[in-house]
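To keep things clear, I will list the structure first and then write my remarks on it.
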Amino acid sequence: MPRPKSAMEIFQLLDKSNCRECGEKTCLAFAGAVFTGRKQLDRCPRIKPEDRARFSDDTESGSAFEEGLETLGKMQARIAEIDLAAAAERIGADFAGDRLTLKVLGKNFSVDTRGKLYADIHVNPWVAVPFISYILNGRGRPASGDWMSFRELKNGMARYPLFQKRCEAAMKKVADTYTDLFDDLVHIFSGKQVEEQFESDISVVLHPLPRVPMMICYWKPEDGLASSLNLFFDKVADDNLDIGSVFSLGVGMAQMFEKLAQRHGFPEAASFR
Ligand code: SF4
């Protein structure tokens, strides 16, 4: 990791708006806090992903996913330090009482100003960490309608070369054997079957987070050709969510579909386990 040589070098990366979302009064104070190790660079939601990547420890550290459960606790503590109402406005979420609420795969997820999570269903870290990362760091850009593969997202393949195997191949295996999968995705997770994209046989759009839509395209086996399945993301996905969290959501959803297939159509499978 290239270590910044001075606080000024860090300061040059900041947008100098003094918005205070990092918990410091000014960008300069934040630069000093990062230089002395008191704060991590990714506490500033406005920093460009490429600048954040420049000063990351290695290829995967700094992502919300890889830091796991310990990170979840730290991230909840960070929620307590920010202006949650302002964050709700930035990402287009609802804010009422002391809670920010948004939909995750069609279900209500909330966090209060102390960082406590609320949901009607079981909350697994693979969804809780991206949920909080989206609130802390997301830019709230509206979906553009332009789809791209995971490898085309910034740092997608460089950091997560196993995405195809752990997400797309795993989902394809489920789709090949579980014929009701796509109907269930529409009904249980508030998905939407859309006009077939990229000449696929089935295209379904899901919203694991409101401004991070994912489109699953499935091509049935035909004339000796094997089936295939690809996931596409809106081109603003990596502005609204760190790439590690995008990976987390993709892999977590693949595992959830596998469990759903095992239970084959039982609605209580929709518990994000
Ligand atoms: S969040 Fe970023 S832009 Fe806002 S004050 Fe902190 S360092 Fe500056």
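Just to verify a result, which residue in region 4-25, among those that are within 24 Å of the chain's Cα centre (by Cα) and without any contact (Cβ under 8 Å) to a residue 60 or more places away in the chain, is surrounded by the most Cβ atoms within 10 Å (Cβ to Cβ)?
Filtering region 4-25 down to residues within 24 Å of the chain's Cα centre (by Cα) leaves 13-15, 19-23.
If we keep only those that are without any contact (Cβ under 8 Å) to a residue 60 or more places away in the chain too, we end up with 13-15, 19, 22-23.
Working: L13: 21, L14: 22, D15: 12, C19: 17, C22: 27, G23: 16.
Top of the filtered list is C22.
Give the residues of region 154-177 that are open to solvent by less than 10 Å² (accessible area, probe 1.4 Å) and farther than 15 Å from I216 by Cα, sorted by residue number.
G156, Y160
Within region 214-229, work out how many residues are surrounded by fewer than 20 Cβ atoms within 10 Å (Cβ to Cβ) and either in contact (Cβ under 8 Å) with a residue 60 or more places away in the chain or not acidic (D, E) (or both).
Qualifying residue count, region 214-229: 8.
How do the strands (runs of 3 or more DSSP E) wholly within region 71-130 filter down when requiring 3 or more residues that are open to solvent by 50 Å² or more (accessible area, probe 1.4 Å) and not assigned by TED's automatic domain parsing to the domain that holds N240: which remain?
On the way: elements: 94-96, 99-104, 107-112, 117-119.
By residue number, 94-96.
Search region 26-55 for residues being more than 7 Å from the ligand (Cβ to nearest atom) and assigned to a loop (DSSP other than H, G, I, E, B), and hand back the single one that is nearest to the chain's Cα centre (by Cα).
That would be K48.
The values are calculated or read from the model by the stated rules, or taken from the named source; none is laboratory data. Every value quoted in this text rests on a predicted model; they were computed, and no experiment measured them. All Cβ positions, glycine included, derive from the backbone under ideal geometry; neighbour counts span all protein chains shown. Each accessible area value is taken on the protein alone, full model and side chains, heavy atoms only, with ligands, DNA and RNA left out. Shrake-Rupley method; radii C 1.70, N 1.55, O 1.52, S 1.80 Å.
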